[in-house]
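Working notes, structure below.
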Amino acid sequence: MRKFIVRFMRKKPRLEKNIVQKNISAEVNNMLGPKVDHPSDFSTARVPEIPQIVYPEARRDVMMEEMVHDYRIRDVYRWLEDPDSPETQRFINAQNAISKPFLEKTQDWGAIHGKLTKLWDYPKYGCPARHGKFYYFFKNTGLQNQSVLMQQETLDGPEVEFLDPNILAADGTTALAQKTFSENGAYMAYGLSEQGSDWIKIRIRKAADRTDFPEILEKVKFSNISWTKDNKGFFYGRYPNQQGKTDGSETKQNEFQKLYYHRVGQSQEDDTLVAEFPENPSWRILSDVSDCGKYLILSVSPTTRDNMVYYANLEPGKDITDKLDVKPIVDKLEADYEYITNEGSKMYMHTNKGAPNYRVVVIDFASPAEDNWTTVIPEHNKDVLEWAMCVHQNKLVVCYNRDVKHILQSYELHTGKITGQFGLDIGTVNGVSGKRKYSEIFYSFSSFLTPGIIYRYDFAKPAEKPKILRETLLNLEGFNRDDYSVEQVFYESKDETRIPMFIIRRKRAEDTVDPRPCLMYGYGGFNYSLMPSLSNTGIMFMDTFDGVLAYPNIRGGGEYGTEWHNGGRLLNKQNVFDDFQAAAEYLTKHKYTTKERLAIQGASNGGLLVGACINQRPDLFGAAIAQVGVMDMLRFNKFTIGHAWQTDYGNPGERQAFANLYKYSPLHNIQIPLNPNQEYPSTLIITGDHDDRVSPLHSLKFAAALQEAARHSEYQLNPILLRVYTKAGHGAGKPTKMRIKEATDIITFLRKTLELDRINL
């Protein structure tokens, strides 16, 4: 399902159709305070004792002032936008010199790290996918930094290592970012990411002997790989050479992507340019070769929301030596379109055009006017049709989102008649594989308390039910998922909109009123649905602190289709923050937790959520974790792929959008607290030095400004810390060792800053 590649701020389920300054060293020891022995089991009430922190002073460039749309903007930390300047590096080093000892030089850090390591150490598997005469699946024995791609001739046959990324970098920071097999399964084109960057290098591996062709394709980013049916080559997108480095630590905008055709075994220099849109430098191109092999379908978009559709005719067996004649089918950015399959010139598309909850339509490229479109699977009035794939020649497997729970069904391709339903518990289909030419499919299910169950179903044997192929279990002594409850509640936001929220906790007597520590996670953007899934950090929080997990499905996401997304984007973005704050009020009002015990967490767009909410309502939260967040809303569009986010945030170059962004931009709305009720919660800001999705400059500037405000407040006693990880990006491909360390830092931070009365280490 290739459009997920361009959902740069989103994290979709993995769907594989063919199988998203001051020297402070003297103060560090004083900041640590006395060591406190951790109890081996539940202890009596504990109030956190946080030593006074002396923050490094960041230079304030008072001359950096400009007028933008009649607003006087003082950007005193703009110098932090240069990742290569010695001054920026000194700032980062000074911040880590505070945050690392605060987190790591305690007895608890080691105990928490050991427990998390044991929790992580269980076998993990991905969905098998059939390609040619082999099956492939990902496997991680437990603590391997990267999962290994395995190969089997039969599902019960010997497993052979096909590609092990762990041998590519000693520290595990080279990851297999994507892969696509040729039609006959003879070759696999795959992309490697280094140190967390979105840049990838494409190589080609032979299925038979597991060796690579010599060529390496570079300057590739935000691209899929689409093979021609003759197995001789594939289409991919790449960017032109640019001045300076391209390793993920740069901030230069990504522009002028072009579509190329590569022939197996030849140099990248010999690749053929087949499509480009030079008059629109922000446009990106994803391609699909149709199932029949006669059409190249282009999904073109400058944003993360809508896309246009173009196509070109292909002549199977004929070499591609020049630009293709690309013709428009949909040339307006007003809806999503995703290719599913085709019969001749009739293309089956998944779209929200005229259907906020999505539908499946047929567009005849020979007569593409919208009046000629036909609907195969109509829009549901409540359930959101998330994706569809064609298998067993004439079957559509369709996934619906029903009140934040996945429903999996099958339909007849030509009539749209439902033919079956796959029984699922409350949870998420987080992986699926299948092909039109094969009758079998595989799908993976997960939930808040279930790591993963992989099922196999064969459409050629309709009388048989799906069979469990593999099931993974957590490795945590004493953990039993039956001891926990998963509850979905609905609460009212500020404007009385009903918002769903999942609450997970250890079971208690119904009449027990016992507020517990609570970790609330949110996202709220880019049409991404926050679905039930297992979080090792969340399991650790519940087991160690007898804690509660809360996941509000706030507006801006895709839980209820396009209208839910629209309700939390552009001029409606404040609804996202209101929804999240209302969730906090619900949890305290109904005694799930207390303000002092409530921590909030979010990453990427969710980091923006955390930053905005601690500015607007610091009185609601005891602690906050903001990971790789978008914090400077007035300049986000100037760096790497930030311009693609304007469909959710708005264009700062337009006055109305700028005024709206200025109201909630975390960097520009920091308060200097005047009394204890306005004290910021204990805050941990996290970023990576190779994050070229959301540049670390956002976190650096926000932390500098927040610490400056804290420095001038006699009431701000809660710590404000910045942790910058090296050889780390936005999150995808992060090695297991680094994931465990980051989770340990987060749990240790909550251990030291929340009011906890039960600790099980």
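Derivation of every value follows stated rules applied to the coordinates shown; laboratory data play no part. Treat the numbers as computed from the prediction; the structure is a model and nothing was measured. Backbone-built Cβ (ideal geometry, glycine too); neighbour counts: all protein chains shown.
Quick notes on this structure:
- Unit Cα scatterers, Debye sum, region 695-761: log10 I(q)/I(0) for q = 0.14, 0.17, 0.22 Å⁻¹: -0.61, -0.84, -1.07
- Note, ³J(HN,Hα) from phi for region 613-628, Karplus 6.51, -1.76, 1.60, rounded to Hz, x at Gly and Pro: 6, 6, 6, 7, 9, x, 6, 8, 10, x, 8, 9, 10, 10, 9, 6
- Nearest-20 debye value, region 361-519 charge dipole, Cβ charges on Lys, Arg, Asp, Glu: 660 debye
- Net lengthening on full extension, Lys382/Asp319 (0.36 nm per residue, minus Cα-Cα): 18.0 nm
- Whole-angstrom Cα spans of region 118-250 along principal axes, big to small: 50, 45, 22
- The coefficient of translational diffusion for region 493-550, derived via Stokes-Einstein from the alpha carbon Kirkwood radius under 25 °C and 0.890 mPa s, stands at 184 µm²/s.
- Note on the chain: helix-only mean residue ellipticity at 222 nm, from DSSP H runs of 4+ residues weighted -39500 (n - 2.57) and normalised by residue number, equals -5500 deg cm²/dmol.
- Percent breakdown of C-alpha pair distances by 10 Å bin, ordered from the shortest bin, for region 502-636: 13, 44, 33, 10, 1, 0
- Phi-derived couplings, Karplus 6.51 cos²θ - 1.76 cosθ + 1.60 at θ = phi - 60°, listed residue by residue for region 324-335: 8, 7, 8, 10, x, 10, 10, 10, 10, 8, 9, 6 Hz, with x used for Gly and Pro.
- Taking the DSSP beta bridges with both ends in the chain, the antiparallel portion is around 85 percent.
- Backbone phi angles across region 253-268, fed through the Karplus curve with coefficients 6.51, -1.76 and 1.60 (θ = phi - 60°), yield HN-Hα couplings of 5, 8, 9, 6, 5, 10, 9, 10, 10, 10, 9, 4, x, 10, 6, 4 Hz in residue order; Gly and Pro are listed as x.
- Rg/Rg_globular for region 121-178, with Rg_globular taken as 2.2 N^0.38 Å and Rg from C-alpha atoms: 1.14
- Highest average packing first - 373-382, 426-435, 66-75, 91-100, Cβ atoms within 10 Å: 426-435, 91-100, 373-382, 66-75
- Additional length obtainable on full extension of the chain from Asn372 to Thr497, 0.36 nm per residue less Cα span: 41.3 nm
- Length released on extending from Lys332 to Asn475, taking residue separation times 0.36 nm less the Cα-Cα span: 46.4 nm
- The orientation-averaged shadow of the Cα convex hull for the chain, equal to a quarter of the hull surface, comes to 31.9 nm².
- Computed on the Cα atoms alone, the convex hull of region 173-334 gives a volume of 123 cubic angstrom per residue.
- Alpha-carbon Rg/Rh ratio, for region 444-505, with Rh computed the Kirkwood way: 1.17
- Sorted largest first, the principal axis extents computed over the alpha-carbon atoms of region 335-473 equal 51, 32, 20 Å.
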